[in-house]
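As structure tokens, the structure follows; a few thoughts come after it.
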Amino acid sequence: MAHSISSHKISIEDIAKIIANGESINLSTDAKDKINACRKYLDTAIQKSEQPIYGINTGFGSLCNVKINNEQLEQLQYNLLVSHACGTGDIVPSEIVKIMLLLKIQSLSYGHSAVDIKTVEGLIHFYNENILPIVYEQGSLGASGDLSPLAHLCLPLVGIGKVQIENEVVDASEINFTPIKLQSKEGLALLNGTQFMSAYGVYILNKAQQLSKWVDLIACISIDAFDARMEPFHELIHKVRPHAGQINTAKNILSILNDSEIFKQHKTAVQDPYSFRCIPQVHGASKDVIAHVTQVFETEINSVTDNPNVFPDEDIIISGGNFHGQALALALDYLSLGLAELGNISERRTYLLISGQRNLPPFLAKEAGLNSGMMIPQYTAASIVSQNKQLCTPASIDSIPSSNGQEDHVSMGANAATKCLKVLNNLEKILAIELLNATQALEFRRPLKSSKQIEKIVSDYRKTVSFNTSDRFLHEDIMKSIEFIRNN
């Protein structure tokens, strides 16, 4: 099966399916026509124009006033690519590099970048053959595009850099690929763009959607384990404060626990702490954040983000700033806050489950004192929650001028992206610890049962992590819990 790249809108969900299904990609006839027409237009424009055209026959950044002779244009593009490959830090996960390739191909397919079709086909070859360039986390300011990461992404097109093939890293010169001689504008078209930030956002949002489902499911286990009340989820409460995420979360909780004996039994506690009582309000707010950020990124991944933009039909080449990542930087910082709050409230529920309240033993241990039980996993969750708070310091508020002040305001969206991924991965760990504690606490409610859906989850979980009867190596339980969430 192949996915055809075209001018039709692609969604984040589409990207997840394309990659999960292992679909190859190709260019639609429409996309090929647009790419070829734009390239032909630019070649003609260069021959006709006596004036310098930024990025095509000039230097870059603060060197924009330096005119380059036509016979040096190929060398100019090659020099641009190699000089900008200055990344450092950790290697970008291969799953994100794959998305970067797809998004760069998508953006070039609209026919406003003036690249040669062979260049786009080269990127498609890398994508389809799982030849994944080695890209580094650090180096982008999130304006002028993700220059350094995209330089590393595209270096193999000219036969240099490193690539990963089936978990083996090799020099690009060793792969079965004929290096491309870049033409005028092509290097800049490859480097300008927001595909590093965008790929991180797509990856994070896909995983966040999955985790937001687990957030409610694990909370439901905790609700019954803590013997929490059902009134806070009543639809009338949420009708008079109709935030979409709040309403949907309350409905979801009631649906999941609909046939729970524990949920419906008489309660002795008059009220629950906020981490239980305000689940719809807190989970719902974070879900609304995810929904908003999804809209921002779906606009971005269906956009042309290099510079200058070439408009053959209008007979004009315009230098602007579509590469600036401010919209993404702000959205990623917002997403970090939303994800961190899901972890924040999760850890508070874990804390209450081990507190010895509601007829639960202290630390959920059968022989507390001799056994520490679940005392220390809560410490771990608390430390991770605290780290997330530190990671949520906004990157988008920062800016350091570059290129002799020509690029005097930058978004720092790349830093927002890499931080957000860490927040997401931390959330997964926090939820795994709540799941470990909630399933342990639920056993103390027997013989009463939770809902069929929850009992099925707990039964499946018990095949991986058994009830804790006495102290044991809990690191392994936490890691198994993470894998359970990841694989179910």
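The values are calculated or read from the model by the stated rules, or taken from the named source; none is laboratory data. Just so you know, these numbers come straight off a predicted model, no measurement behind them. So basically every Cβ, Gly included, is an ideal-geometry build from the backbone, and we count neighbours across all protein chains shown.
Test SER173 against the criterion of being under 30 Å from ALA114 (Cα atoms), small (Gly, Ala, Ser), surrounded by fewer than 20 Cβ atoms within 10 Å (Cβ to Cβ) and out of contact with any helix residue (DSSP H, G or I) (no Cβ under 6 Å at 6 or more places or on another chain), and give yes or no.
Taking the combined requirement at face value, the residue satisfies it.
Given region 233-272, what helices (runs of 4 or more DSSP H) lie entirely inside it while holding 1 or more residues that are under 29 Å from the mean Cα position of the chain (by Cα) and either over 27 Å from VAL289 (Cβ atoms) or hydrophobic (A, V, I, L, M, F, W, C) (or both)?
Once the helices (runs of 4 or more DSSP H) in region 233-272 are filtered for at least 1 residues that are under 29 Å from the mean Cα position of the chain (by Cα) and either over 27 Å from VAL289 (Cβ atoms) or hydrophobic (A, V, I, L, M, F, W, C) (or both), what remains is 244-256.
Restricting to region 230-256, give me the number of residues that are more than 19 Å from ASP272 (Cα to Cα) and either in contact with a His (Cβ under 6 Å, 6 or more places away or on another chain) or surrounded by fewer than 16 Cβ atoms within 10 Å (Cβ to Cβ) (or both).
8
For region 438-483, name all the residues that are in a helix (DSSP H, G or I) and more than 21 Å from PHE226 (Cβ to Cβ).
ASP460, HIS475, GLU476, MET479, LYS480, ILE482, GLU483
Can you name the residue in region 206-232 that is in contact (Cβ under 8 Å) with a residue 60 or more places away in the chain and outside any helix (DSSP H, G or I) and, of all such residues, is farthest from LEU421 (Cα to Cα)?
In this case the residue turns out to be ASP227.
Search region 381-392 for residues that are touching a residue at least 40 places away in the same chain (Cβ under 8 Å) and pair each with any residue that is of a type in the set (A, V, I, L, M) and part of a helix (DSSP H, G or I) when their beta-carbon atoms are under 6 Å apart and the residues are at least 6 apart or on different chains.
Sorted first by the residue in region 381-392, then by its partner, the pairs are ALA381/ILE430; ALA381/ILE433; ILE384/ILE430; ASN388/ALA340; ASN388/VAL423; LEU391/VAL423; CYS392/LEU337; CYS392/ALA340.
Go over the candidates ALA20, ALA37, ALA45, ALA31 one by one and state the one that is among the hydrophobic types (A, V, I, L, M, F, W, C), under 18 Å from PHE311 (Cβ atoms) and at pLDDT below 95.
Going through ALA20, ALA37, ALA45, ALA31 in turn, just one is among the hydrophobic types (A, V, I, L, M, F, W, C), under 18 Å from PHE311 (Cβ atoms) and at pLDDT below 95: ALA45.
Just to check your reading of the model, which residue among VAL310, VAL282, VAL304, VAL293 is outside the structural domain of LEU103 (by TED's automatic domain parsing), among the β-branched types (Val, Ile, Thr) and part of a loop (DSSP other than H, G, I, E, B)?
VAL304
Looking at region 442-465, which of its residues are exposed (fewer than 13 other Cβ atoms within 10 Å of the Cβ) and without any contact (Cβ under 8 Å) to a residue 12 or more places away in the chain?
Residues satisfying the conditions are ARG446, PRO447, LYS456, SER459, LYS463.
Would it be correct to say that ALA151 is crowded, with 24+ Cβ neighbours inside 10 Å, out of contact with any Asp or Glu (no Cβ under 9 Å at 6 or more places or on another chain) and either in a helix (DSSP H, G or I) or touching a residue at least 12 places away in the same chain (Cβ under 8 Å) (or both)?
yes
Would you check if ASN36 is closer than 22 Å to LEU157 by Cβ, in contact (Cβ under 8 Å) with a residue 12 or more places away in the chain and polar (S, T, N, Q)?
So ASN36 passes the test.
Table: residues versus (1) out of contact with any Leu (no Cβ under 8 Å at 6 or more places or on another chain); (2) under 30 Å from THR194 (Cα atoms).
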site	(1), (2)
ILE316	yes, yes
GLY321	yes, yes
GLY325	yes, yes
ASP333	yes, yes
GLY338	yes, yes
ARG349	yes, no
ILE354	no, no
GLN357	yes, no
LEU364	no, no
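This table checks each residue for (1) under 23 Å from the mean Cα position of the chain (by Cα); (2) assigned by TED's automatic domain parsing to the domain that holds LEU101; (3) over 14 Å from TYR127 (Cβ atoms); (4) not hydroxyl-bearing (Ser, Thr, Tyr).
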site: HIS8; (1), (2), (3), (4): yes, yes, yes, yes
site: ILE12; (1), (2), (3), (4): yes, yes, yes, yes
site: ALA16; (1), (2), (3), (4): yes, yes, yes, yes
site: GLU23; (1), (2), (3), (4): yes, yes, no, yes
site: ASN26; (1), (2), (3), (4): no, yes, no, yes
site: ALA31; (1), (2), (3), (4): no, yes, yes, yes
site: SER49; (1), (2), (3), (4): no, yes, yes, no
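Condition check: among the polar types (S, T, N, Q), at pLDDT 95 or above and either touching a strand residue (DSSP E or B) at 6+ places or on another chain (Cβ under 9 Å) or under 16 Å from LYS185 (Cα atoms) (or both). Does GLN75 satisfy that?
Spelling it out, it is not the case that GLN75 is among the polar types (S, T, N, Q), at pLDDT 95 or above and either touching a strand residue (DSSP E or B) at 6+ places or on another chain (Cβ under 9 Å) or under 16 Å from LYS185 (Cα atoms) (or both).
Among the numbered conditions (1) modelled with pLDDT under 95; (2) under 28 Å from the mean Cα position of the chain (by Cα); (3) not aromatic (Phe, Trp, Tyr), tell me where ALA395 comes up short.
(1)
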